[in-house]
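Visitor: Pasting a structure here, questions to come.
Read-outs: derived from the displayed coordinates by stated rules, not from any lab. Source: prediction; values computed, not measured. Virtual Cβ from ideal backbone geometry, glycine too; neighbours counted across all protein chains shown.
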Amino acid sequence: MQPTLLGVPYDNSSSHLRGSADAPPLIRKALWCSAGNSWCEAGIDLRGQLGDSGDLSILPHAHPRSVIESSVAALLGQGSRPIILGGDHSITYPVVRAFYRARPTFDILHIDAHPDLYEEFGGDRYSHACPFARIMEEGLVGRLVQVGIRTMNGHQRQQAERYGVSVISMGEWFRGTRFELRQPVYLSIDLDALDPAFAPGVSHREPGGLSVREVIDIIQGLAVPVIGADIVEYNPQQDSSGITALVAAKLVKEVAGKMVSGGSGVRG
Ligand SMILES: [Mn+2]
C-alpha cells in the first residue's frame, strides 16, 4: 500500500493564529528541495514510492469536515496509506472517521504539546483543541496514546480519564518509552510537540518539548504497522527561516519510510 500525500489547506478551526492553511505546498517544496535528497533513513528512495493526491479544494459553501472525510475515504478505497499535511489539528477528526469506516480496528499515537481533549473550546466542539474528544466519544479507535504533552489542565485531565486516554507527559517520557500499541496505528503529529527551538513555525509555541531526533526515533521505533498519518499545525507565518517546513518534510520522509519498510521497530 503506497504512502500518499494529501494536503488539507484548512485553518478555520484555529483558536489563536491562522496560517496553517498555507502549509501543504511549503512542506512539499521542502520535501523535494535540492538541498537534500529523497531517501529516508531506512534506505528507501521515496521518489516513485510516495504518491501525491495534491491539496483538497474546500469551497466556501462546502462543509469542510465532509469534504475531508470523503476525500480520505476515497484514498483509502484506492488502497493508499494517506499522509495528511495540515492544516490545523481539527482535521484529524474527519480523517480518523474515514479510517474508521474503512477499517474499524486501530490505535492512535498522538504526538503533541497539547492533549486536544476539550469538550468544546470557544463555543466550538470542532475546534482544533477538541478533535480527540470527538474521536473518543464516538469510539473510533482502540487505544489513544498521547506523548509530548506539557499543557494538561484540570478539565482535560478529567476528559483523559473519562475516555481512558493513555497520556505520557513530557516529564514522564524518556527515550525508549514503550507505548503499548497492539494494533496497527494511525500517527497524528502536531509540530508543536517539538520544542520551539527546533520547530518555531507553529501557532502555539510551547517550550520544553521533543527534539527532531526524538520524534524520528519514536517513528522508527514503532513495532506496529503505520496505516496513516497526519502532520499538522505548521504555520509558515511563524517560520521566518523556513526550518519548520524542513522539519515537517523530514518527518514526512520518516513516516513514509516506516510505512514502506513495515513494522520492524522495537517499541510497541
Ligand atoms: Mn498542539
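Visitor: Once the Cα gyration tensor of region 147-202 is found, what semi-axes does its equivalent ellipsoid get, as square roots of 5 times the eigenvalues, in whole Å, sorted largest first?
Guide: Equivalent ellipsoid of region 147-202: 20, 17, 12 Å, largest first.
Visitor: Which of the DSSP-defined H helices in the chain satisfy a minimum axial length of 30 Å, computed from C-alpha atoms, and a minimum mean Kyte-Doolittle hydropathy of -0.5? List each step's numbers first, then the result.
Guide: Working: long enough: none.
TM-like helix candidates: nothing returned.
Visitor: Counting only C-alpha contacts under 8 Å and six or more residues apart, can you give the relative contact order of region 136-179 as a whole percent?
Guide: 48
Visitor: Give, to the nearest whole percent, the P(r) tail of region 125-268 beyond 20 angstrom, counting all Cα pairs.
Guide: When every Cα pair of region 125-268 is considered, 49 percent fall beyond 20 Å.
Visitor: Can you give the log10 of the normalised intensity I(q)/I(0) at q = 0.13, 0.21, 0.25 Å⁻¹, computed with Debye over equal Cα scatterers of region 27-97?
Guide: Computed log10 I(q)/I(0) values: -0.48, -1.01, -1.19.
Visitor: To continue, here is another question. Looking at the calculated P(r) for region 68-159, what percent of the C-alpha pair distances fall above 16 Å?
Guide: Everything past 16 Å amounts to 55 percent.
Visitor: Next up: On alpha-carbon atoms, Rg over Rh for region 27-185 using Kirkwood Rh?
Guide: 0.98
Visitor: Taking 0.36 nm per residue of separation and subtracting the Cα-Cα distance, what length does fully extending Arg157 through Thr177 add?
Guide: 5.1 nm
Visitor: Here's a follow-up. Could you check the simple spin-label distance between Cys33 and Ser70, using points 7 Å along Cα→Cβ, in nm with one decimal?
Guide: Distance between the two pseudo-spin positions: 3.7 nm.
Visitor: Next question, about the same structure. How far, in nm, would the chain grow between Glu138 and Gln2 when pulled straight, counting 0.36 nm per residue and subtracting the alpha carbon separation? Show your work: numbers first, answer last.
Guide: Numbers: separation 136, 0.36 × 136 = 48.96 nm, distance 2.83 nm.
Answer, rounded to one decimal: 46.1 nm.
Visitor: Using the Kirkwood formula on the Cα atoms of the chain, what hydrodynamic radius do you get, in angstrom to one decimal?
Guide: With all distinct Cα pairs of the chain included, I get 18.0 Å.
Visitor: Shifting gears a bit: How do Thr92, Thr151 rank when sorted from fewest to most other Cβ atoms within 10 Å of their own Cβ?
Guide: Fewest-to-most ranking of Thr92, Thr151: Thr151, Thr92.
Visitor: At a threshold of 8 angstrom on Cα-Cα distance, excluding pairs fewer than six apart, so keeping six or more, what relative contact order does the chain reach in percent?
Guide: 24
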